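Below: one structure, written as structure tokens.
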Amino acid sequence: MSIFYFLIFTLIFLVIKLASKFIKNEEVSSALNFFATPLIVISLLPLIWFGIYLGPTVPLMLIIFALTLSVVGDVYNSMPNNSHFIWGLVYFAIAHIFYVIAFISIINFSWIVFWTLLPVAIEIIILLTFFYMKWRKRLDKIMAIAVPCYMIIVGFIMLITIGVHIGNPGNGTFMLMLGGILFFASDLTIGISTFGCKTPTTELATKLAGFIVWITYVAAQVLFAVAAATGLFSK
């Protein structure tokens, strides 16, 4: 069976998730949102077994842990009014650390990779510092520590995935790199929409930001899972 058949379920759950925002009945909207949110990433877990079938490895186990923790983070972040945002942040941070360890294990490090990544790393640091300086006055004491730590981890994921592709060019590593970039874009959009707005945004702007976040986030998770399913992390 083609791995892409499993992505049909991912797409269905994503459509339900996004469509729930347009349902005026709040109870129905919340129920659909809470139902579809965890199933989006859960539907990707079977893809990892394709990679395990090709050869079970520790990185594949780490990716399973990362996807599972992402499900928990999704549930916390889908709760009304961002009431459990900090817990979602914690679970996603741990998930990203698992991703980083898995990705580092396949990087083919060289001086070419180092000198290519160095300017990228500097640009990421400048970008994250710029946004953090703009957001810090809107963060409480806990978030003032949690947000920059999380931003560093997400930036590191993008950096590592770029390095993996540079050191070992191919379709699988390209998917990994694109996933890292989309993950970074998704989380940066969350930060801008959550902490970067001085005045209340319109309902349309909020929905648009949510669309961007979820489409880039799901695309990133799909790319990571498909890369694993095609044997990138297998023996």
* Structure fact -> For the stretch 167-183, pairs from a residue that is buried (at least 18 other Cβ atoms within 10 Å of the Cβ) to a residue that is basic (K, R) and assigned to a loop (DSSP other than H, G, I, E, B), with Cβ under 7 Å and 6 or more apart or across chains, are none
* Positions within the stretch 46-65 being in a helix (DSSP H, G or I) and out of contact with any helix residue (DSSP H, G or I) (no Cβ under 6 Å at 6 or more places or on another chain), in sequence order -> W49, Y53, L54, V58, M61
* Matching residues in the stretch 133-166 - criterion: being of a type outside the set (K, R), over 17 Å from F98 (Cα atoms) and surrounded by fewer than 18 Cβ atoms within 10 Å (Cβ to Cβ) -> M133, L139, D140, I142, A144, I145, A146, P148
* Asked: Can you tell me which residues in the stretch 108-126 are touching a residue at least 12 places away in the same chain (Cβ under 8 Å) and surrounded by fewer than 18 Cβ atoms within 10 Å (Cβ to Cβ)?
  -> N108, F109, S110, I112, T116, V120, A121, I125
* Asked: Residues in the stretch 75-105 that are hydroxyl-bearing (S, T, Y), under 17 Å from S186 (Cα atoms) and either out of contact with any helix residue (DSSP H, G or I) (no Cβ under 8 Å at 6 or more places or on another chain) or in a helix (DSSP H, G or I) (or both): how many?
  -> 3
* To do: Check the stretch 216-229 and report whether any residue there is part of a helix (DSSP H, G or I), surrounded by fewer than 22 Cβ atoms within 10 Å (Cβ to Cβ) and modelled with pLDDT under 90.
  => no
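The values are calculated or read from the model by the stated rules, or taken from the named source; none is laboratory data. Just so we're clear, the structure is a prediction, and the values are computed from it rather than from any experiment. Positions of Cβ are generated from backbone atoms using ideal geometry, with glycine treated the same way; all protein chains shown enter the neighbour counts.
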